1. Counting DSSP beta bridges with both partners in the chain, what percentage is antiparallel, nearest 5?
2. May I ask for the Rg/Rh ratio of segment 1-48, computed from Cα atoms with Rh as the Kirkwood radius, given to two decimals?
3. Tell me, what does the Kirkwood hydrodynamic radius of the chain come to in angstroms if you use every pair of distinct C-alpha atoms?
4. In degrees, nearest 10, range 0 to 90: what is the angle between the Cα axis of helix 30-40 and the longest Cα principal axis of the chain?
Amino acid sequence: MEVRVRFFAALRERAGATELVWRVPPQTTVGELWEMIGRERPALAEFRGSVAFARNQEYVDSQTPLQDNDEVAFIPPVSGGSRAGYV
């Protein structure tokens, strides 16, 4: 089966792509997909354990199984902002 994979922010730069189509066996989980891609794109390893996963625009955990034609997004941790102005 095929899934569409989207990378955001620093992950996009490390992956060298904004979007990929990836073939996976049935019953592959989101976490397993992340590991598969990481083996082929080792620059992503720095983000292991800190990436958020979304399937079809909803946040999911790493154990969520994929289905044919799913869209999977890998989202790095977000930082920044300021507490200035907060009461």
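1. Details: 13 of 17 bridges.
Looking only at bridges with both residues in the chain, the antiparallel portion is about 75 percent.
2. Working: Rg = 10.4 Å, Rh = 11.0 Å.
Answer for segment 1-48: 0.94.
3. Details: mean 1/r = 0.0739 Å⁻¹.
Its Kirkwood hydrodynamic radius stands at 13.5 Å.
4. 90
Each value in this text was obtained by applying a stated rule to the coordinates, not by laboratory testing. Given the structure is predicted, the values throughout are model-derived calculations rather than measurements.
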